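I have placed the structure first, in the form of C-alpha cells, so that the comments after it can refer back to it.
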Amino acid sequence: MTGLLGGVGGYTFYYAQGFSYMSDDPAVCVNCHIMRPQYDGWQKASHHAVATCNDCHVPHDFVGKWMTKATNGYHHSTAFTFQNFHEPIRIKPSNSAVLEANCLRCHGDLVGNITQHFELKSGDLFGCVRCHAGVGHGPPK
C-alpha cells in the first residue's frame, strides 16, 4: 500500500511539474490555466520589471517561503483537482497578509510617515492593494 501511494504521489508530482514550483520563474504560475489572467496582467503591470510572483506572494525568510509554497501548493492542487475554487480566484487572508508585508518591505521608506501612525493589516481600509490594486496584475477589469 505504501509503494502504491508513493508511486501515485510521485507520478502526480511529475505530471504536475512539481519541481517547477520550487523556482522563482513567473511562467510557472501558468502551469495551471486558471492563473493565465493574473500572469498576463503581471506582464503589463508596473511591477513587471522589478518583481516576480514570489517577490510579492511569499515571505522572504527561508522557512516562511517554503512553508507558504507548500501550503499554497497543497491548497492549489486540491482546489484544481476537485474544481472547488471560486472564480474569479481570490486571495486568502493569510496570503493577503504576506502581500501587504512585502509591499512594506520594498516601499517602507516611502510610506513610513503613513504607516508609523497605525499598524497596517490585511483588509484594512488603508491596505496597500486597496488603492494600488493594479500594480501587480495590471489595471482591474
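Throughout, read-outs are computed from the coordinates displayed, never taken from laboratory work. All figures in this text were calculated on a predicted structure; none of them were measured in a lab. In this analysis, Cβ positions are derived from the backbone assuming ideal geometry, glycine residues included, and neighbour counts consider all displayed protein chains.
Brief remarks on what is shown
- Modelled FRET efficiency - R0 30 Å, I89 with V63, Cβ distances, 0.05 increments: 0.70
- Judged by a Cβ-Cβ distance under 4.7 Å, the unpaired cysteines of the chain are C29, C32, C53, C56, C106, C131.
- The chain, helix-only ellipticity at 222 nm - DSSP H runs n ≥ 4, -39,500 (n - 2.57), divided by all residues, nearest 500: -17500 deg cm²/dmol
- In Å, descending, principal axis extents of the Cα set of the stretch 22-102: 34, 30, 22
- Normalised by the number of residues in the chain, the mean separation of alpha-carbon contacts (under 8 Å, six or more apart) gives a relative contact order of 31 percent.
- Hydrodynamic radius of the chain by the Kirkwood approach over all distinct alpha-carbon pairs: 16.7 Å.
- Counted by Cβ distance under 14 Å from R105, the other residues give a net charge of -3, where Lys and Arg count +1 and Asp and Glu count -1.
- Between T12, T115, T52, the residue with the greatest mean-square fluctuation in the GNM of the chain (Cα pairs under 10 Å linked by springs) is T12.
- Charge sum, other residues only, whose C-beta stays under 14 Å from N54's C-beta, Lys/Arg counted +1 and Asp/Glu -1: -1
- Ordering A133, A70, G3 by Cα displacement along the dipole of the stretch 1-138 toward the positive end leaves G3 in first place; charges were set at the Cβ atoms of Lys, Arg (+1) and Asp, Glu (-1).
- Net charge dipole, the chain: roughly 260 debye, given to the nearest 20, about the Cα centre with Cβ charges of +1 for Lys and Arg and -1 for Asp and Glu.
- If you count Lys pairs in the chain whose Cα atoms are under 17 Å apart, skipping same-chain pairs closer than 8 places in sequence, the total is 4.
- Other residues with beta-carbon under 12 Å from the beta-carbon of T68 carry, at +1 per Lys or Arg and -1 per Asp or Glu, a net charge of +2.
- For the stretch 22-98, the relative contact order is 27 percent, taking Cα pairs closer than 8 Å that sit 6 or more residues apart in sequence and dividing their mean separation by the residue count.
- Helices that extend 15 Å or more along their long axis by alpha-carbon positions and average at least -0.5 on the Kyte-Doolittle scale are, among the DSSP H runs of the chain, 2-15, 62-82, 93-115.
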